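Asks: Quick one: the structure is below, and I'll ask about it shortly.
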Amino acid sequence: MMPPTAEPSPDHASTSSGDKDSDPVLDNSSPAPIPAPEVSSHREEEPGPETPPNKEGGDVLELIASTGKFWHNWDDLKIMLSSKLKQVLSEYPEVKMTSEEQKASLGETYPELMKRLDDALLSFDEGPPFTLQRLCEILLTAKSIYPNLSKLALALEKNLLVTSTLTACTDPHPLATQNQDETDKATPIQQQPSHSEQNGVQHPTAADGDEIMADVETDIGDEMTIDMEPLEEMK
């Protein structure tokens, strides 16, 4: 007959259960990554310097207005004229009118007028219109000649609705010729030494020869005076 198995006391059982509960639970899972702060890709654009006025463009138009000739590539010149056209049109007070007021004054809105004239200018592919000189004169002196935008638009349209074109001038550019003249004036002319000076020998000039002859004559006169004195004593 087997001896009865001893049952654990309730205190011992509770202690064992308490030990299991008190053991730390190891978490092998990796910690969640900390999200990086979001960096906005949008950068506020800082205002840059204002674009200076195109002085070179003004000089080119003034040269064409005074000579009636052009030396530049037509594509570049066409862009220059288009920019000047838009600038001149924008300086008139009709630009600030309402659309209804613009239609009453111009017969169309300002954007429509500007686009129509600009398209007429850009339609010249082979070369500028033969009225290029007058066109430049109008763009340079518009405010002093045409008091309102409607009259200016009529003058521009008249000079753009042509078919004949000009070709680039093959003569030397006036500014290039002027710069060459200024360079020639600024360069001093160096006097070339004579052949005798180059060889280290200086020959007397005509003025030096006259001085030498005068000294010789003076010496001869003095000798003759000295020689005549003994003859006078013998008499």
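Here, each number is a calculation from the coordinates, and none is a lab measurement. For clarity, every value in this text was computed on a predicted model and none was experimentally measured. Positions of Cβ are generated from backbone atoms using ideal geometry, with glycine treated the same way; all protein chains shown enter the neighbour counts.
Asks: Where Lys and Arg each count +1 and Asp and Glu each count -1, what net charge lies around N159 among other residues with Cβ under 11 Å from its Cβ?
Replies: Once positives and negatives cancel, what remains is 0.
Asks: Within a Cβ distance under 13 Å of D118, other residues only, what is the Lys/Arg minus Asp/Glu net charge? Each step should come with its number before you reach the end.
Replies: Values: positive: K78, K84, K86, K115, R116; negative: E112, D119, E157.
Net of charged neighbours comes to +2.
Asks: For K78, what is the net charge nearby, where nearby means another residue's Cβ is under 14 Å from its Cβ and Lys, Arg count +1, Asp, Glu -1?
Replies: Once all neighbours under 14 Å are counted, the net charge is -4.
Asks: Using θ = phi - 60° and the Karplus form 6.51 cos²θ - 1.76 cosθ + 1.60, what ³J(HN,Hα) does each residue of the range 94-107 get, whole Hz, x for Gly and Pro?
Replies: 4, 5, 8, 6, 6, 4, 5, 5, 5, 5, 5, 8, 10, x
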